[in-house]
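Asks: This structure is in structure tokens; I'll ask about it shortly.
Bear in mind these aren't lab numbers, they're just calculated from the coordinates by the rules spelled out. Computed from a prediction, not measured in an experiment: that's the story for all the values here. Glycine gets a Cβ as well: all are built from the backbone with ideal geometry, and neighbour counts include every protein chain shown.
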Amino acid sequence: MDINGKKKVQSIDVKANRSISELMTLMENTGFQGKSLAKAIAAIEKMAKDPNITIFFGYAGSLSTTGQWKIINWFIENNLIDVLVPTGANISEDIVEAMGGSYIQSSHIESDSDLFKKGYNRYYDVLGDELEYLEMTELIAEFTLTLKDDYNYSSREFLFEFGNWLYDKNILSIVSSAAKKDVPIFCPAFPDSPYGDASLIAASKGFNLTIDSIKDYREYMSLAEHVKDTGVIYIGGGVPKDWIQLISVTADLLYNEREVPNRSNPQYRDSVGTQEAYYPHKYAVQITTDSPQWGGLSGCTFEEAVSWGKEDPNGELAQCYCDATIALPLISHSLAERLEGFKRNQKKLNTFIKKTD
């Protein structure tokens, strides 16, 4: 029952054998970040079932080292990602496990000088073997040497070809899963990862890889004319979040008319002389541990993003301040239950980009 138009908090009775999805539904009627997480799941379910929505997925932080990367594969395989924008680390460090290596549970109070001597890198309470990390980097360099040496690649082109190469070798990582499903991956901070290290190895063998970041940006912004409405999911923030946010506010700059072709209902600033058109995201979900008061984009609220034209103030907006290693397993398993038997149609945006190459 409502009180003055507001819903009552409903306490949760403990019940054995309750599904994760049912628990999340109950948590929508509680408070704090439990309610926020439940609302985030509900928003993703809605965007998945909205046929007009193209889903952009941003993925930051060191999550592939913590047992989360197969969850991203599940999203890809179930057509819940139309465009993936990760950090380079998250689409390389998963390859260690896909190659047969592993990460090791440890403690944040290990002797780091001893770990260095023994050849381990620490990710808070997880260890990675430096030899396995280098093998992964060498693998990327091996692929790099198969490319054309007189061509400027976008990160999307590089990662699509790399994904197919990995798939042929039965190395089933995020990049190979995306290539198999024809999901474009844009990595705007490409060199800040083993991909940059692999380019140095390739250079030592006489091959100079060129990744054209402006070509990347043009390809990415050209997608705006091939979507109707957009939904975004951010795991963490950083560069992937900013890159995805920008398609709603700057894609119009690619066109002389300052409007995106084939897009309806652009928004404008009422009292500004510019004629820029805005296409705010209709759905937005973020899982983050960053706070908004420091002014960084990783913690920036969706309400603040409304002032930029990035989010629709009347849309489904859900932000949860939570560790992604807690939230992602709960989100994915709840969605697996709620979307069982439902098949979302993938947007296949790579097709449109290839036509503009």
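Asks: Provide the gained length on full extension for the span GLU142 to GLN10, in nm with one decimal, where the gain is 0.36 nm per separating residue minus the Cα-Cα distance.
Replies: Contour length minus the Cα-Cα distance gives 41.8 nm.
Asks: Here's another thing I want to ask about it. Given the peptides 194-203, 233-242, 147-156, arrange them by the average over their residues of other C-beta atoms within 10 Å, most packed first.
Replies: Peptide ranking by packing, descending: 233-242, 194-203, 147-156.
Asks: I'd like the Karplus ³J(HN,Hα) series for region 29-44: coefficients 6.51, -1.76, 1.60, θ = phi - 60°, whole numbers in Hz, and an x wherever there's a Gly or Pro.
Replies: Result, rounded to whole Hz: 9, 10, x, 6, 6, x, 5, 5, 5, 5, 5, 5, 4, 4, 5, 5.
Asks: Further question: Under the Karplus relation 6.51 cos²θ - 1.76 cosθ + 1.60, θ = phi - 60°, what is the ordered set of whole-Hz ³J(HN,Hα) values for region 229-237, x standing for Gly and Pro?
Replies: These are the phi-based 3J(HN,Hα) values: 10, 10, x, 10, 10, 10, 9, x, x Hz.
Asks: While we're here: Could you give the size of the charge dipole of region 152-231 about its Cα centre, using +1 on the Cβ of each K and R and -1 on the Cβ of each D and E, expressed in debye and rounded to the nearest 20?
Replies: Value, rounded to 20: 160 debye.
Asks: Hey, another quick one. Can you give me the long-range amide H partners of GLN319? Hydrogens built in the peptide plane at 1.01 Å from N, cutoff under 5 Å, separation of 5 or more residues or another chain.
Replies: Long-range HN contacts for GLN319: GLN286.
Asks: In percent, what relative contact order does the chain have, based on Cα pairs under 8 Å that are 6 or more apart in sequence?
Replies: In percent, rounded to a whole number, it is 23.
Asks: In Å, what Rg and Dmax follow from the Cα atoms of region 142-278?
Replies: 17.6, 57
Asks: I'm a student and want to see the number: the projected area of the Cα convex hull of region 1-99, averaged over all directions, in nm².
Replies: So the mean shadow area of the Cα hull is 9.3 nm².
Asks: If you don't mind, another one. Taking 2.2 N^0.38 Å as the expected size of a compact globular protein, what ratio does the Cα radius of gyration of region 54-133 give against it, to two decimals?
Replies: Its radius of gyration relative to the 2.2 N^0.38 Å reference: 1.24.
Asks: Nearest 500 deg cm²/dmol is fine: what mean residue ellipticity at 222 nm does the chain get from its DSSP H runs of n ≥ 4 alone, each adding -39,500 (n - 2.57), divided by its residue count?
Replies: Taken over the chain, the calculation gives -11500 deg cm²/dmol.
Asks: Figure the gain on full extension for ASP323 and SER113 (residue separation times 0.36 nm, minus the Cα-Cα span) and round it to one decimal in nm.
Replies: 72.9 nm
Asks: Computed over the Cα atoms of region 135-213, what is the convex hull's projected area averaged over all directions, in nm²?
Replies: For region 135-213, the mean projected area of the Cα convex hull comes to 4.8 nm².
Asks: For all pairs of alpha-carbon atoms in the chain, what percent lies in each bin of width 10 Å, listed from the first bin to the last filled one?
Replies: Taking every Cα pair in the chain, the percentages come to 5, 23, 32, 25, 12, 3, 0, 0.
Asks: Now a separate question. Which residue, SER11, ILE140, SER248, has the largest displacement toward the positive end of the dipole of the chain when charges sit on each Cβ (Lys, Arg +1; Asp, Glu -1)?
Replies: Farthest along the dipole direction, towards plus: SER11.
Asks: While we're here: Can you list the residues, at least 5 places off or on another chain, whose amide H is less than 5 Å from the amide H of THR54, using H built in the peptide plane?
Replies: LYS228, ASP229, THR230, GLY231
Asks: For SER102 and SER62, calculate 0.36 nm times their separation in residues minus their Cα-Cα distance, and state this gained length in nm to one decimal.
Replies: Once the chain is fully extended between SER102 and SER62, it gains 12.9 nm.
Asks: Right, something else. Do you know the relative contact order of region 45-167, to the nearest whole percent, from alpha carbon pairs under 8 angstrom that are 6+ apart?
Replies: Computed over region 45-167, the figure is 20 percent.
Asks: Of the candidates LYS117, LYS70, LYS35, which one comes out as most mobile in a Gaussian network treatment of the chain with C-alpha springs shorter than 10 Å?
Replies: Highest fluctuation among the options: LYS117.
Asks: Given +1 on the Cβ of Lys and Arg, -1 on the Cβ of Asp and Glu, and no further charges, what dipole in debye does the chain carry about its Cα centre, rounded to the nearest 20?
Replies: 1180 debye
Asks: Something else: With only alpha-carbon atoms counted, please give the Rg and Dmax of region 243-296, in Å.
Replies: 14.0, 40
Asks: While we're here: I need the phi-derived Karplus couplings for region 57-62: 6.51 cos²θ - 1.76 cosθ + 1.60, θ = phi - 60°, integer Hz, Gly and Pro marked x.
Replies: Values, residue by residue: 10, x, 9, 10, x, 8 Hz.
Asks: How large is log10 I(q)/I(0) at q = 0.12, 0.24, 0.31 Å⁻¹ when the Debye formula is applied to the Cα atoms of region 12-70, each weighted equally and without solvent?
Replies: Debye intensities relative to I(0), on a log10 scale: -0.44, -1.03, -1.10.
Asks: Quick check: pseudo-label points 7 Å beyond the Cα along Cα→Cβ at THR30 and THR289, how many nm apart are they?
Replies: Between THR30 and THR289, the simple spin-label model gives 2.0 nm.
Asks: Where both residues lie in the chain, what percent of DSSP beta bridges are antiparallel, nearest 5?
Replies: Around 30 percent antiparallel, to the nearest 5.
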